[in-house]
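Report on the structure given below.
The values are calculated or read from the model by the stated rules, or taken from the named source; none is laboratory data. Not measured: the values here are computed from a predicted model. Cβ: placed from backbone, ideal geometry, glycine included. Neighbour counts: every protein chain shown. These area figures cover heavy atoms from the full protein model, side chains too; ligands, DNA and RNA do not enter into them. Shrake-Rupley method; radii C 1.70, N 1.55, O 1.52, S 1.80 Å.
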Amino acid sequence: MDTTKRRSVLQRTFTPCLRQDMTDGYKHLGEKRNEVILLVILTVSDARLAAREEFNRSRQPSLSHRQNVERYKKFVLLPLSKRKFCQECQQLLLPAEWENHFGHEVLTDITNAQLKRPSQILYPLENKKTNAQYLFADRSCQFLLDLIIALGFRRVLSVGTPRLHELIQINGCEEQQFNVKSLLLDIDFRYSQFYTEEDFCHYNMFNHYFFGGKVAQEVCRKFLHEEKGEGVIMVTDPPFGGLVEALAFSFKKLIAMWREAQEEAHSSKEMPIFWIFPYFFESRILEFFPSFTMMDYQVDYDNHMLYKHGKTGRKQSPVRIFTNLSPSMIVLPIEEGYRFCSLCQRYVSSENQHCEMCNSCTSKDGRQWRHCVLCQKCVKPSWVHCNTCNHCALQDHVCESVQVGCFICGGADHKRSTCPHFSMTRRAYQADGKQRQMKNKKLKMGTIKKPSVKQRKMRVLKGKIKNKKE
Ligand SMILES: C[S@@+](CC[C@H](N)C(=O)[O-])C[C@H]1O[C@@H](n2cnc3c(N)ncnc32)[C@H](O)[C@@H]1O
Ligand SMILES: [Zn+2]
Ligand SMILES: [Zn+2]
Ligand SMILES: [Zn+2]
Ligand SMILES: [Zn+2]
Ligand SMILES: [Zn+2]
């Protein structure tokens, strides 16, 4: 099935709420769209909380998790020839339902091995804006699991990492001595067809919402509290379009839940976390989690043309692991070119050279960076020092002093950030600060064409119309 057809099929079927959840992840944060999201998180009133819960409730799928578990039990008892999966509806089918799916593309002879790898049967969701489901390449997934085992963890809270969850479950089934467990928290309700309520919670990581209510929340709490909270690590790989603030808000809630199991004396202990995210979000993540360090390991994905290792994809994935564990403990594979820098006490990628002036292995993107004496720091290899801007930038950038006025309305007396025509709504719904910054940078560097006055006026007009609608 081609992508367009698949997408339209997904839009028609399974549960309309799933599609809505994926696109409306942020909107769950509050009903009133013209509010600044961060404020909504921090000062959410009772009334708004109720409205939010009502919104979440209205997104409940037609079949409950329990019903899906019962269906699964019946499904596994069927002989192979009667085990079907409708690709269009993304649903396991029981014989009585076959006729309703007449004319749909159906997979047959679903084996137990296939049932244990749902991420291979289910189509990755492809909403580019908020959630493209980028699945780990086997190499990266196995690396993560090996690392988790080597570090001695026994329980993994898999937040938006279905493939890692799946790998852990498979190992658990196949090897008696394998003693790592995983609980998957994900907004993709299709997974409820394959996992019990003890293994999967339908969860929104943008507002820490458990769709299964108190019962599901208790499953998570119990999981975190086993062995007094010892041996647990949270691994998360959120959609990259996700707001760091919102994610941090939810992760802090999960950390607080874990901390309840800690004795007073250990109340300042941190729950170990691997947060997988692009390197250019480093400063944003550190704002919320100052104890985190970014690892050099490049996480690869199966279904992302750019972030995929190998012939067709770009070799350098921008996705990294952020962790609050000591960097010296995170051993990166030497066979893939990583090496240990004894001065930094961490593994770094092969091109990442130790800079004596910065006293650090400074590269962020895997290329060798160069020290600029004037900037007093290392910069990307493609940058040169600009005396007009007083810092390094791309050779063909547009110098800062040349840029006067506002990019939005063209007004000469203010900058875009204080533009009176740029409503709060649009600001809040723009991409995360970092993404904005990146775009600004690109504008400054001239990699994005500066809009003409006419284009700017059109934008203001469109903005006004949109705001009126809202
Ligand atoms: C970039 S993918 C990561 C998948 C991971 N690399 C793997 O292979 O297991 C993002 C994951 O987060 C989930 N997700 C997206 N939005 C979410 C939300 N609001 N709350 C919880 N999970 C969400 C998606 O369903 C998906 O599984
Ligand atoms: Zn169907
Ligand atoms: Zn170093
Ligand atoms: Zn340097
Ligand atoms: Zn410089
Ligand atoms: Zn310049």
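Some points to look at:
- Taking the range 218-349 as the region of interest, the number of lysine pairs whose Cα atoms are within less than 18 Å, with members eight or more places apart or on different chains, is 6.
- Accessible surface area normalised per residue over the range 167-219 is 39 Å², counting heavy atoms of protein chains with a 1.4 Å rolling probe.
- Derived scalar couplings ³J(HN,Hα) [the range 242-248; Karplus, 6.51 cos²θ - 1.76 cosθ + 1.60; whole Hz; x for Gly, Pro]: x, 6, 4, 4, 5, 5, 4
- Charge dipole of the range 210-275 about the Cα centre (unit charges at C-beta), most positive-ward option of 211, 242, 257: 211
- Scoring 268-281, 248-261, 91-104 by mean Cβ neighbours within 10 Å over their residues and listing the highest first yields 268-281, 248-261, 91-104.
- Working ranking of peptides 196-204, 215-223 by packing, defined as the average number of other Cβ atoms within 10 Å per residue, highest first, is 196-204, 215-223.
- Across the range 61-122 the C-alpha pair distances fall into 5 Å bins from zero in the proportions 4, 17, 31, 29, 17, 3 percent.
- Spherically averaged projected area in nm², based on the convex hull that wraps the Cα atoms of the range 129-350: 13.0
- Taking amide H positions as modeled 1.01 Å from N, with prolines and chain starts lacking one, the residues under 5 Å from residue 93 and 5 or more places away or on another chain are 84, 85, 86.
- Sorting the Cα pairs of the range 172-247 by distance into bins of 10 Å, from 0 upward, gives 17, 44, 34, 5, 0 percent per bin.
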